[in-house]
1. Hey, could you check segment 1-20 for residues that are part of a helix (DSSP H, G or I) and among the small types (Gly, Ala, Ser) and say which is modelled with the lowest pLDDT?
2. Can you find, within segment 14-38, the residue that is nearest to Met1 (Cα to Cα) among those that are within 25 Å of the chain's Cα centre (by Cα) and not hydroxyl-bearing (Ser, Thr, Tyr)?
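The values are calculated or read from the model by the stated rules, or taken from the named source; none is laboratory data. The shown structure was predicted, so the numbers you read here are calculated from the model rather than taken from an experiment. Please note: Cβ atoms are built from the backbone with ideal geometry, for glycine as well, and neighbour counts cover all protein chains shown.
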Amino acid sequence: MNCAEFQKVLPYIIESGGNPEEEAHLQECPNCADLVQDLRYIAEQAKLLLPMRDPSPKVWDGIQENLQREGLVKPARARGRLLGFPSWSSLSMFLLLFALAVASFGLFS
């Protein structure tokens with residue numbers, strides 16, 4: 001195995017270790033051995049980095065406003081209302097519950 005062949009399988013070696021041929025190349029080639037050692041060190045140190053934080057809601061609101069101003073997205077409708085009336089799902093749920101209440105009142109009277 002030469003260095004070019006080794007570098008093609010390098011991501012797999014870093015994740016799960018190599019096969020006997022790849023391990024033999026690591027023993028014989030100081031350049032590839034140093035590379036694997038450096039990459040493993042970088043991977044370990046990356047785990048120690050602080051987790052990224054989400055931007056504040058103001059950032060997302062600003063992005064939304066810019067996209068609307070540029071005409072790339074339409075302004076969002078108010079949720080739960082259509083033309084000032086409750087949404088159809090809310091209305092249908094109310095009617096279903098009302099019908100159940102009437103039916104059970106009629107059964108137990």
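1. From segment 1-20, those part of a helix (DSSP H, G or I) are 3-8, 10-16, 20; that's our starting set.
So of that shortlist, the ones also among the small types (Gly, Ala, Ser) come out as 4, 16.
Values: Ala4: 91, Ser16: 78.
Checking each candidate, the answer is Ser16.
2. Among them, the one singled out is Ile14.
Residues checked against (1) among the aliphatic types (A, V, I, L, M); (2) in contact with a strand residue (DSSP E or B) (Cβ under 7 Å, 6 or more places away or on another chain); (3) in a helix (DSSP H, G or I):
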| residue | (1), (2), (3) |
| --- | --- |
| Glu22 | no, no, yes |
| Ala33 | yes, no, yes |
| Val36 | yes, no, yes |
| Ala43 | yes, no, yes |
| Leu48 | yes, no, no |
| Pro55 | no, no, no |
| Gln64 | no, no, yes |
